[in-house]
Amino acid sequence: MDEAVLTMIDTAGIQGYVFGSNRLRENLGASYLVELATKAWVFQALDDVGTHNLPKVAGDAHDLNRRPHQALQMEDGKLCAELIYTGGGNALILFESLNAAQRFAQLLSQRVLREAPGLELVIAHSEPFRWKSDENDLPERWKELLDGRLAQKKRQRQATPTPQLGLGVTAECEATGLVAAFTSKGLEPEPRLIGREAEAKLRKSKRNKTEPSDATRRLLENLKLKDLCFDFPDELDQLGHKGGEESYIAVVHLDGNDMGQVRREFIEGAEDNRHYIERLRQFSKGIEDASDGALSAIFQRLQALLCKQPKLNQSGEEVWFITEPKPNFKKRKGVGANAAPVENEKDRDLEPSATPKEIEFARFEPDENDERPEEKRPKAYWPFRPIVFGGDDVTFVCNGQLGLSLAAVFAHEFAQQTEAKLGVKIHTGGGVCIVKAHYPFRRAYDLSESLTKDAKRELGKEKRDASALDWHISSTGLSGSLGAIRQREYQVKDGSLLMRPLWLDGARDWHTLQNFNWLIAVFNFHKQFAGRRNKLKALREAMRNGPEAVQEFLKTYELSQEKIIEALRLKNWDERQKSKFTGWIDDRCAYFDALEAMDHHFLIEEVCDERD
């Protein structure tokens, strides 16, 4: 083969497309359409163009899991196209000619315009070049395409005029503000006027009589989930709550650290173009498998906490729930994971009357599209739903109290699985935005993304090879940028009230998830604090007013300095705190975050005393 063309497919404006609606069904359908546009529809367009390196499929035209045949290679002269990789919202393909590449782009573009209106796809082709698998010029040609023609097309896209919003006599889509073309009858419980974009999204999240929706089927297949006793929520009100209390949700966004650099280091040293393609595919598959495996681990954690039998609510209906494990305040022998409680010692610090948190699962309510018999219908909904997944960039929504714990599970599992699959431990930065269930979803997502960037920025400043989590809890609204909120609500004359962001792995500082979980357990279960809301509220205000106010708090409540230090002492904390408790370490408050979050953080593992 003498000539080849490199084609890059990318998605643009993806956050607005997926998270622009306040309705979870539209978010789920949009995410599935992005997956189709960069995988299944790419595969089918290649089927129509000519011979390629993907296996044939029988029956399911929406197969998302076709993997390239390593033995089918462009240099053999028998292929019209070779898919190099696809994932993360983009794809890279090698074609035998510019005509074949343009024909592919035409077919894919038409499909997206017809079936995923509103989704912006950017396709760019390189100049024809001489292809030799034993040379080593593919990385440079890909970089030229990425930084050159693809970047130029994205810039041109930004100048696209605003779409026609219709005339004075046309109805408006409630989701996008564009012209309405349908009603959502049969797609959601309460019909409304919708446009083509919203209709396409809702159709992909609609249950197919006795089968799950396309979006749910993708989740089940990717995460290899079988025989689950509950259904997946497609409305934010289905994420569970505590009976009689207002529902909070957590929008969680996680992103791999320095992924461009990690990928370059993984692939560097490739001997030639063919070896480069093999390493690139290995990396892409490893990231996808690790991401799906980390999400699957979350379901396993939730199943482990699930009650063995449901309880009856005030209406006499069965309710399934999870209960957080009580902490173990006993002193421990040993270090780290090998430490064990001292035998035959009573846990004197645990308040017997302290009640662990419970999260009730929302009861399953079948819609008109569900034709399963009663005995085959699930009893409830999981309090967790992935929206964007399959790569290092992941977003899910869950019950508000689970946000921090589930984010930590994902970060830990993703690091472990990338090390096992790729030989490199990839850490993440995560942001958790906890808001009331009916808060504008796009605003909550935007803040979770800002929190992720903040966590990653702190990791960069500290030059840490670790994962980090940042979060924000709002019971009202969110006014201004993250920086403005932090300055207004958490900056006082003595410094910052924030312990966050928290380090998750390999950290030796005091602001770690381990210390944070310890404080949450102490405030909720320790005999010094459990059930004493007025005392905790007074302590929080004292923290806001500085170290001297904390000392005054101890005098007012006649609290022993030694007992408070022993209860609230942190692992890896400042030596000065061991003789005088102020609640502050230099210009940062060590306890305000835990006091604010104690009602919004569900501990999914037993907390033990592993302090120095």
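In the chain, the ratio of gyration radius to Kirkwood radius, Rg to Rh, stands at 1.00 when only Cα atoms are counted. Structural descriptor for the stretch 182-223: relative contact order 25 percent, calculated from alpha carbon pairs under 8 angstrom and at least 6 residues apart. Footprinting exposure proxy ranking of Thr176, Thr452, fewest other C-beta atoms within 10 angstrom first, gives Thr176, Thr452. Take every Cα pair under 8 Å whose residues are at least 6 apart in sequence, average their separation, divide by the length of the stretch 362-435, and the relative contact order is 19 percent.
Among the GluC sites (Glu not before Pro) in the stretch 82-137, those placed in a DSSP loop whose Cβ has at most 15 other Cβ atoms within 10 Å are Glu135.
Please give the length that would be gained between Glu548 and Ala420 if that part of the chain were fully extended, namely 0.36 nm times their separation in residues minus their C-alpha to C-alpha distance (nm, one decimal).
Extra length available between Glu548 and Ala420 comes to 41.1 nm.
All C-alpha to C-alpha distances of the stretch 4-153, sorted into 5 Å bins beginning at zero, yield P(r) values of 2, 9, 19, 22, 20, 14, 8, 4, 2, 1, 0 percent in whole numbers.
Do the sum for the chain: with -39,500 (n - 2.57) for every DSSP H run of n ≥ 4, divided by all residues, what is the mean residue ellipticity at 222 nm, to the nearest 500 deg cm²/dmol?
Value at 222 nm, helices only, nearest 500: -11500 deg cm²/dmol.
Taken along the Cα-to-beta-carbon direction at a fixed 7 Å, the label points for Lys132 and Glu541 span 7.9 nm. Based on the Cβ-Cβ distance from Arg155 to Val492, what FRET efficiency comes out when R0 is 51 Å, to the nearest 0.05? The computed FRET efficiency comes out at 0.70. Residues of the chain were split at every exposed loop site, defined as trypsin sites (Lys or Arg not before Pro) in a DSSP loop with at most 10 other C-beta atoms within 10 angstrom, and the longest piece left, sites excluded, is 349-462.
Contour minus end-to-end for Glu562 and Phe364, with contour as 0.36 nm per residue of separation and end-to-end as the Cα-Cα distance?
On the way: separation 198, 0.36 × 198 = 71.28 nm, distance 5.06 nm.
Gain on stretching Glu562 to Phe364: 66.2 nm.
Cross-link check: pairs Lys185/Lys206; Lys311/Lys357; Lys154/Lys204; Lys527/Lys563; Lys330/Lys571; Lys308/Lys379 evaluated at a Cα-Cα cut-off of 19 Å; pairs beyond the cut-off: Lys154/Lys204.
Every number in this text was worked out from the coordinates using simple rules, so none of it is lab data. The structure presented is a predicted model; accordingly, all values stated were derived computationally and were not measured. With ideal geometry, Cβ positions are generated from the backbone for all residues, glycine too; neighbour counts draw on all protein chains shown.
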